[in-house]
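*Asks:* I am attaching a structure below and will ask some questions about it afterwards.
The values are calculated or read from the model by the stated rules, or taken from the named source; none is laboratory data. Remember, predicted model here, so these are calculated numbers, not experimental data. Cβ atoms come from the backbone with ideal geometry, glycine included; neighbour counts cover every protein chain shown.
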């Protein structure tokens, strides 16, 4: 089973929930938040292996180029601009669709490769921990996510999604069988939870909700889930001790109150979602 854990917004505690559940349930952990992967801070894997992630970009042979502008006109991403002297390539805008090479009659365009990030894999106890890391200055994380999820470990996996509902999230949940949403009991949390719910329903994934940092006051999330027929898998209390443990890379399942809460959530995942 591939369980994706996502949130409509950042800062809800998605990675906290993902890492603790992975350790508790013995699921492999895959950190798909390639712009800010911090799950390794908590799982502390060892024997890490690294694999570069590269993408293609057009290379123009000026000795063949006739400056016909066909390549620039064909590029929907504006990665190619034709001047009076040459064709300028903005490689970070390129999506490697191949249109420029197809329309180039003089056969002046080929493709090179450049690195945009890496995938790291290691062991944390009995589970595999993997993360994708987008290089500084790069902005397209989807190729890293696709390479990282192309060959998932056998067994059960937790996919720690990026926050929000962007392309990175869509490409992550495409590999999931079930989903869990982590939210916080606030107006902003509820607003962005609704966006994530809409996305999961469009994809047809069964899912449930966990409320993090619950103070016990207010029922906006509970009422919304009841109205929408969404399974509420559990909640995690808002405690200073949890914040102290989190700030030093500690796991919450080491505290009896939180371990009991995570065990309830784990049971809900297996029985309800």
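*Asks:* Could you tell me which of the residues 48, 41, 102, 30 is more than 30 Å from residue 157 (Cα to Cα) and in contact (Cβ under 8 Å) with a residue 24 or more places away in the chain?
*Replies:* Within the list 48, 41, 102, 30, the selection yields 102.
*Asks:* Here's something else I'd like to know. Read through the list (1) farther than 30 Å from residue 186 by Cβ; (2) touching a residue at least 40 places away in the same chain (Cβ under 8 Å); (3) touching a strand residue (DSSP E or B) at 6+ places or on another chain (Cβ under 6 Å); (4) surrounded by fewer than 22 Cβ atoms within 10 Å (Cβ to Cβ), then give the number of the only condition that residue 53 fails.
*Replies:* Failed condition: (4).
*Asks:* Now for a different question. Within segment 176-191, identify whether any single residue is within 18 Å of the chain's Cα centre (by Cα), modelled with pLDDT of 90 or more and surrounded by fewer than 22 Cβ atoms within 10 Å (Cβ to Cβ), and answer yes or no.
*Replies:* Residues of segment 176-191 that are within 18 Å of the chain's Cα centre (by Cα), as a first pass: 176-183.
Keeping just the survivors that are modelled with pLDDT of 90 or more gives 176-183.
Remaining after also requiring surrounded by fewer than 22 Cβ atoms within 10 Å (Cβ to Cβ): 177-178.
So far as segment 176-191 goes, yes, one or more of its residues are within 18 Å of the chain's Cα centre (by Cα), modelled with pLDDT of 90 or more and surrounded by fewer than 22 Cβ atoms within 10 Å (Cβ to Cβ).
*Asks:* Let me ask something else. Name every residue in segment 154-173 that is farther than 19 Å from residue 38 by Cα and over 11 Å from the mean Cα position of the chain (by Cα), in order of residue number.
*Replies:* Within segment 154-173, 154, 155, 156 qualify.
*Asks:* Looking at residue 115 and the list (1) modelled with pLDDT under 95; (2) over 30 Å from residue 190 (Cα atoms); (3) not in a helix (DSSP H, G or I), which single condition is not satisfied?
*Replies:* Among (1) modelled with pLDDT under 95; (2) over 30 Å from residue 190 (Cα atoms); (3) not in a helix (DSSP H, G or I), the lone unmet condition for residue 115 is (1).
*Asks:* Next question, about the same structure. Evaluate the following for residue 208: is it more than 16 Å from the chain's Cα centre (by Cα) and surrounded by fewer than 16 Cβ atoms within 10 Å (Cβ to Cβ)? Explain how you work it out, then say what you get.
*Replies:* Details: more than 16 Å from the chain's Cα centre (by Cα): yes; surrounded by fewer than 16 Cβ atoms within 10 Å (Cβ to Cβ): no.
No: the conditions fail for residue 208.
*Asks:* Hey, does segment 69-92 have a residue that's at pLDDT below 95 and within 21 Å of the chain's Cα centre (by Cα)?
*Replies:* Within segment 69-92 (the criterion being at pLDDT below 95 and within 21 Å of the chain's Cα centre (by Cα)), the answer is yes, since at least one residue qualifies.
*Asks:* Let me ask you something else. Within the group 271, 227, 257, which residue is touching a residue at least 12 places away in the same chain (Cβ under 8 Å) and farther than 30 Å from residue 142 by Cβ?
*Replies:* Values: 271 fails: touching a residue at least 12 places away in the same chain (Cβ under 8 Å); 227 fails: touching a residue at least 12 places away in the same chain (Cβ under 8 Å).
Answer to the check: 257.
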